[in-house]
1. Quick one: net charge of A149's neighbours, Cβ under 9 Å, K/R +1, D/E -1?
2. All other residues with a Cβ under 10 Å from the Cβ of A80 taken together, and with Lys, Arg as +1 and Asp, Glu as -1, what is their net charge?
3. R0 = 22 Å: FRET efficiency of D132 with A154, Cβ-based, nearest 0.05?
4. Would region 72-160 count as rounded, prolate or oblate if I go by the C-alpha gyration tensor, calling it rounded below 1.5 in a/c and otherwise prolate when a/b exceeds b/c, oblate otherwise?
5. Near R100, within a Cβ-to-Cβ distance under 12 Å, what is the net charge of the other residues, with Lys and Arg +1 and Asp and Glu -1?
Amino acid sequence: MKNFSFVLLGLVAWVALVLFAPPKAKDEEPSKVVPAETTSAKARATAAREKQRREKSETEAPEPADKTTTEAAEAHRDEAQAAIDAAVITYSPEGVKQIRPWLLDADPEVRMAARDGMVQLGEPDAIPLLRDAAGKLKEHSEIAAFHEAADLLALPAWSETTEAKDAIAEIIGDSVQ
């Protein structure tokens, strides 16, 4: 039992040593002892250049992503969305003119917001603008989305159908009685 306690005490001491000992630097390489006579000048120069290159690469931190660029893009999207929303709530053909410049913006998210704004506005004046913008785009999915929006706006309104006129006449007739 006494031997067991010594083994256990030794194990605890070893664990404590491992836990509390300062860690070795990861970049440390074991030094190689090479006699000076066997090392040529060329090999020493190559090793020195390699060491300088390694030290330089270790000291240079990689450049973080440019936050100003992403912040500017977000600000641009916010500005565009605000302008598009303001145009949509006018509920007039003038809103189409206000949204038009955003249809060919460099940012695809802004272009999609402009397309959605045209659909929300519901003005038939937007149809040729959407088709024209689709002709100037390169991404197939965006082109299809713009054509789909133009097709949606080209559909006749239900209120213009004979069914709607009959229903409206019936409602008016019922309310008069």
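A short reminder: the numbers here are calculations on the coordinates, not readings from a lab. These numbers come from a predicted model, not from an experiment. Cβ: placed from backbone, ideal geometry, glycine included. Neighbour counts: every protein chain shown.
1. -2
2. On the way: positive: R77, R111; negative: D78, E79, D85, D105, D107, E109.
Overall, the nearby charge balance is -4.
3. The computed FRET efficiency comes out at 0.95.
4. The shape class here is oblate.
5. Result for the local shell: -2.
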